[in-house]
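Below you'll find the structure, written out as structure tokens, and then a few comments.
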Amino acid sequence: MQACGKNTAVREPVDVAAALARPKIDMHAHVWPMQGEAVSSSHLIACGARLGITEFWCSAPITGGRLAPIEEVRAHNDVILRAMERHPGRIRGMAFLIPGQPGVIEEAERCLGRGMIGFKLYNQYKLHDPVVEPIIKLATERRVPVLVHAAYLPAPEHQRQQPLTSHGADFAVASEKYPDALLIHAHIGGGGDWEWTLRALRDASPNVYVDVSGSNLDAGQVEMAVAELGAKRVLFGTDGTMAGSVGKVLDADLTEEEQDLIFWRNAARLLAEQGLAPLNMPRGDAQCSST
């Protein structure tokens, strides 16, 4: 995808050791509620240490669009709370919520009160559905981000499987209704037409972000995100594709300043909305300013 690059000149090879030492905030990670959850979280930390990932924002969503009971949602969030206790300097929590459930706002407040820093929505409802409004309003009041499972999936089989998955145009509609909400379109590399997605987000509120995660590692993906939205609206996340997500940012034709915005400064700015600062920043990087 040459059109997304800045030029056609031969680039200097990446200093991999130096690049891996640069701090990174993975704002899209998971610890799953299954036997061995302690192993899952420890493995996450160990892998991240090899890639320069200084902190993870973790959730444990209920997938497949299932409208699970609030007790199951609470159990999933308890997995993350235990991971936070197990790794207090590395893991932060994103509370998984299913809109419209009795007790969902109380669950959101419980999780924020226990130190979580945002909310995670999956594909139980479209983002702009009125049933989601109480969650978005609470997130806006508390200045916490809402990370939403998202993709543009036009194929009929995908429409049947995930009919309520939000896409870029849904985020644009939601941002008109809630221009101050901090909304994150998950994994531009998570499947579907990522070029369509990025174009659909051009006119969304500047408070709408995308994260680079996903196992689709197409060339030009990160460059196009920066070209369409600006580097300040692109976040680093992995969603399990850890080395690939680091690699796609390092391979992108970007300045070091743009890479640092993606790797950690934009996430630091979201944390600052809550009066928080990044964890484990190397000396000299801790002051994130408002870049």
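The values are calculated or read from the model by the stated rules, or taken from the named source; none is laboratory data. Since this is a predicted model, take the numbers as computed values, not measurements. Don't worry about glycine lacking a Cβ; one is built from the backbone with ideal geometry, like all the others, and counts go over all protein chains shown.
Does region 105-116 include one or more residues that are under 22 Å from residue 198 (Cα atoms) and at pLDDT 95 or above?
For region 105-116, residues under 22 Å from residue 198 (Cα atoms) and at pLDDT 95 or above: absent.
So residue 62 fits all but one of (1) in contact (Cβ under 8 Å) with a residue 60 or more places away in the chain; (2) within 19 Å of the chain's Cα centre (by Cα); (3) under 20 Å from residue 245 (Cα atoms); what number is the exception?
(3)
Condition first: over 17 Å from residue 147 (Cα atoms) and either of a type outside the set (D, E, K, R) or touching a residue at least 24 places away in the same chain (Cβ under 8 Å) (or both). Can you find one or more residues in region 179-190 that meet it?
Kept after step one, since they are over 17 Å from residue 147 (Cα atoms), are these residues of region 179-190: none.
No; the residues of region 179-190 include none that is over 17 Å from residue 147 (Cα atoms) and either of a type outside the set (D, E, K, R) or touching a residue at least 24 places away in the same chain (Cβ under 8 Å) (or both).
Could you list all residues from region 117-162 that are among the aliphatic types (A, V, I, L, M), farther than 25 Å from residue 32 by Cβ and at pLDDT below 95? Spell out how you get there, then give the answer.
Restricting attention to region 117-162, the residues satisfying the condition of being among the aliphatic types (A, V, I, L, M) are 117, 121, 127, 131-132, 135-136, 138-139, 144, 146-148, 150-151, 153, 155.
Among the residues that remain, those that are also farther than 25 Å from residue 32 by Cβ are: 131, 136, 138, 155.
Correct list: 155 only.
List the residue pairs whose Cβ atoms are under 6 Å apart, where the first residue sits in region 149-164 and is surrounded by 14 or more Cβ atoms within 10 Å (Cβ to Cβ), the second is part of a helix (DSSP H, G or I), and the two are 6 or more positions apart or on different chains.
152/196; 152/197
Considering 218, 203, which residue is touching a residue at least 60 places away in the same chain (Cβ under 8 Å), of a type outside the set (Ser, Thr, Tyr) and surrounded by fewer than 23 Cβ atoms within 10 Å (Cβ to Cβ)?
Working: 203 fails: touching a residue at least 60 places away in the same chain (Cβ under 8 Å).
Just one listed residue meets the conditions, 218.
Which of the residues belonging to region 165-200 are modelled with pLDDT of 95 or more, surrounded by fewer than 24 Cβ atoms within 10 Å (Cβ to Cβ) and either on the phi > 0 side of the Ramachandran plot or charged (D, E, K, R) (or both)?
Within region 165-200, 170, 176, 177, 180, 195, 199 meet the criteria.
Looking only at region 144-162, which residues are closer than 25 Å to residue 108 by Cα and outside any strand (DSSP E or B)?
144, 145, 149, 151, 162 - these are the residues of region 144-162 that are closer than 25 Å to residue 108 by Cα and outside any strand (DSSP E or B).
Select from region 167-197 the residues that are in contact with a helix residue (DSSP H, G or I) (Cβ under 8 Å, 6 or more places away or on another chain), closer than 22 Å to residue 98 by Cα and hydroxyl-bearing (Ser, Thr, Tyr) and list them in ascending order.
Residue satisfying the conditions is 178 alone.
Collect the residues in region 227-242 that are at negative phi, of a type outside the set (D, E, K, R) and either buried (at least 24 other Cβ atoms within 10 Å of the Cβ) or under 16 Å from the mean Cα position of the chain (by Cα) (or both), keeping them in residue-number order.
Of everything in region 227-242, those that are at negative phi, of a type outside the set (D, E, K, R) and either buried (at least 24 other Cβ atoms within 10 Å of the Cβ) or under 16 Å from the mean Cα position of the chain (by Cα) (or both) turn out to be 229, 231, 234, 235, 236, 237, 238, 241, 242.
In region 85-99, how many are without any contact (Cβ under 8 Å) to a residue 60 or more places away in the chain and surrounded by fewer than 22 Cβ atoms within 10 Å (Cβ to Cβ)?
Final tally of qualifying residues: 5.
Is it the case that residue 46 is at pLDDT below 95 and either aliphatic (A, V, I, L, M) or in a helix (DSSP H, G or I) (or both)?
no
With a cut-off of at least 1 residues that are over 15 Å from residue 55 (Cβ atoms), name the helices (runs of 4 or more DSSP H) lying wholly within region 226-276. Quick ask: steps written out before the conclusion?
Details: elements: 242-251, 256-260, 266-272.
Passing ranges, in order: 242-251, 256-260.
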